[in-house]
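Since the structure comes first, as structure tokens, the remarks are kept for the end.
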Amino acid sequence: MTARRVLFRLLWPLVFALPLWVMFGRAFFGVPLGLQFVGQVFLVPLLFVGQVVAAGLVVARRSVRTGRAVSWLDAGLLGTAWVAQLALGFFLVDSSAGSRAASAFTAVAGGGLDLSTALFALSAVVTIASVIALIASGVWQLLRETGERVAASMADLDRVAGLGVAQAGAAGGRPSDAGGMRGPARGDGPVIRIEPRGEGDASRSDA
């Protein structure tokens, strides 16, 4: 639970920080930004937008906002996407005028350009796949949680309606205090009682 809460707190800061690392990470190691930087100016914003959509789908779930923790599925995909983007900042092979292709990895390790290229390609594929998986899983989890919440609300309404009908039936069929007979149900019309004619009335009419 603690790890999932930490990932929840890092969610929005890393949405902004990691694309910047992908774009400028090599510069921290003194590697010049070459021609590929121009392509990154157009591609990195797409990565940023994809992560914003994925993070929004995660936070849209009430369970995430209430518990302030992502799900285990979110945790796995977020961790994969973040590690892959960190790797991109290290392994992205670039070139500039008058210098050979380089990356932060080659600047630190020295040589190994082919390995750097292979690691960059792997990191790029993992980044794209993990962001797409984050969006797909976010939509699926949001729809599932919303459906469960709607079903629970409908069940509560049915239960309340059933209790109301039962209480109305009990009030309508309650026995009267006199004679133990059932009284009229609430909401019935007026009751007309006809008294039988007594013997005293008959004698007075004969006289």
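Among residues of region 83-98 being under 12 Å from Thr117 (Cβ atoms) and assigned to a strand (DSSP E or B), the one that is modelled with the lowest pLDDT is Ser95.
When each of Val150, Val41 is tested for being of a type in the set (A, V, I, L, M), free of Cβ contacts under 8 Å to residues at least 24 places away in the same chain and under 16 Å from Gly25 (Cβ atoms), the lone residue that passes is Val41. State whether the residues of region 85-99 include one that is surrounded by 19 or more Cβ atoms within 10 Å (Cβ to Cβ) and closer than 20 Å to Ser137 by Cα. Within region 85-99, one or more residues are surrounded by 19 or more Cβ atoms within 10 Å (Cβ to Cβ) and closer than 20 Å to Ser137 by Cα. Got at least one residue in region 53-68 being more than 13 Å from the chain's Cα centre (by Cα) and either free of Cβ contacts under 8 Å to residues at least 24 places away in the same chain or closer than 18 Å to Gln85 by Cα (or both)? The answer is no, given that none of the residues of region 53-68 is more than 13 Å from the chain's Cα centre (by Cα) and either free of Cβ contacts under 8 Å to residues at least 24 places away in the same chain or closer than 18 Å to Gln85 by Cα (or both). Residues in region 126-138 that are within 14 Å of Val64 (Cβ to Cβ) and either touching a His at 6+ places or on another chain (Cβ under 6 Å) or of a type in the set (A, V, I, L, M, F, W, C) (or both): Leu134 only.
When region 42-74 is limited to residues that are closer than 16 Å to Arg9 by Cβ and aliphatic (A, V, I, L, M), the one that is surrounded by the fewest Cβ atoms within 10 Å (Cβ to Cβ) turns out to be Val59. Contact map, region 99-113: residues that are outside any loop (DSSP other than H, G, I, E, B) paired with residues that are at pLDDT 80 or above and among the basic types (Lys, Arg), Cβ distance under 7 Å, separation 6+ or inter-chain. Pairs shown: Ala104/Arg26.
The values are calculated or read from the model by the stated rules, or taken from the named source; none is laboratory data. Only a predicted model underlies this, so the values are computations on that prediction, with no experimental measurement involved. Note: ideal-geometry Cβ built from the backbone for every residue, glycine included; neighbour counts use all protein chains shown.
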